[in-house]
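Student: Here it is: the structure, laid out below.
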Amino acid sequence: MRKELQQHLLDRFPWAKAQPRIDNLWLRYGFDIGDGWYNLICDLFSEIEELYRAKGLEISLEFAQIKQKFGALTIYTYKTLPEVYDLIRKFQARSLEVCEKCADRGRLRKQVGWWITLCDSCFDRLSRKDCI
């Protein structure tokens, strides 16, 4: 994800900033996903805020990693409520229908051993360039 989109998310959701831990890949790589999933992350973070607010709790979770794995949004966390895992699974399922590059309707595809969720247009463009 472009740095300016990452910064916009961290400005909007300051609790999501990486904690300085030696094993924290989130600190090193940030949002290791395409720009097309920006709205998924924004919606997920909003729902996390709503969950904690409804419980009257301060947000205490930490992200270990946010990335694409096997074509799906994959998020690893520390110190979170069990319900957050349900939210993560919900958005992971949604990610399989959203192009990771442009946010149009996408589907899971395999190209040269690599799984990725793309729309037809992005898939055709990347296939022609042999980028994946």
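Student: Among the candidates Asp104, Asp43, which residue alone is within 19 Å of Lys3 (Cα to Cα) and not aliphatic (A, V, I, L, M)?
Tutor: Unique residue meeting the criteria: Asp43.
Student: Can I ask one more? Out of (1) at pLDDT below 95; (2) of a type in the set (A, V, I, L, M); (3) under 16 Å from Ser127 (Cα atoms), the odd one out for Leu61 is which?
Tutor: (3)
Student: Name the pairs: first residue in the range 1-13 and touching a residue at least 12 places away in the same chain (Cβ under 8 Å) and closer than 16 Å to Cys102 by Cβ, second residue of a type outside the set (Phe, Trp, Tyr) and not in a helix (DSSP H, G or I), Cβ to Cβ under 6 Å, at least 6 apart or on different chains?
Tutor: These pairs meet every condition: Met1/Ile33.
Student: Checking Ala16 against (1) in contact with a Lys or Arg (Cβ under 7 Å, 6 or more places away or on another chain); (2) at pLDDT below 95, which test does it fail?
Tutor: Evaluating Ala16 over (1) in contact with a Lys or Arg (Cβ under 7 Å, 6 or more places away or on another chain); (2) at pLDDT below 95 leaves (1) as the failure.
Student: Separate question: Sort through Lys69, Lys101 and tell me the only one that's within 15 Å of the chain's Cα centre (by Cα), without any contact (Cβ under 8 Å) to a residue 24 or more places away in the chain and within 12 Å of Ile33 (Cα to Cα).
Tutor: Lys69
The values are calculated or read from the model by the stated rules, or taken from the named source; none is laboratory data. Computed from a prediction, not measured in an experiment: that's the story for all the values here. FYI the Cβ positions are ideal-geometry reconstructions off the backbone, even for glycines, and counts take in every protein chain you see.
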